[in-house]
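These notes are about the structure you will find just below.
Each reported figure results from applying straightforward, stated rules to the coordinates on display, with no laboratory input. Just so we're clear, the structure is a prediction, and the values are computed from it rather than from any experiment. Reconstructed Cβ throughout: ideal geometry from the backbone, glycine too, with neighbour counts over all protein chains shown.
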Amino acid sequence: MQERTRRLRRCQLSVPGSSEKMMAKAAGMGVDFVFLDLEDAVAPSEKRPARRKIVDA
């Protein structure tokens, strides 16, 4: 039987851009990268303030 090449597992975390608490928590996690979401995870009325929170983060 042929031995398979091992690959590192990659980890991505998606966080709503409207939640400062979740962004702060995500910053301390051992993931490869954090995706700050402005689409489905954020209510339409919160999109504008969420953009500022992401810039500040």
Amide H partners (placed H, <5 Å) of ASP37, local residues excluded: VAL15, GLY17
Please report, in debye to the nearest 20, how large the charge dipole of the stretch 12-56 is about its Cα centre when each Lys and Arg carries +1 at its beta carbon and each Asp and Glu carries -1 there. 220
Taking 10 °C and 1.306 mPa s as the conditions, I'd like the Stokes-Einstein D for the chain in µm²/s, using the Kirkwood hydrodynamic radius from alpha carbon pairs. 123
List the aspartates and glutamates whose alpha-carbon lies under 20 Å from that of LYS47, not counting same-chain residues fewer than 8 positions away? GLU20, ASP37, GLU39, ASP56
In whole Hz, what ³J(HN,Hα) sequence does the stretch 35-49 give by Karplus (6.51, -1.76, 1.60; θ = phi - 60°), x for Gly and Pro? 9, 8, 8, 10, 8, 5, 7, 10, 4, x, 6, 9, 4, 5, x
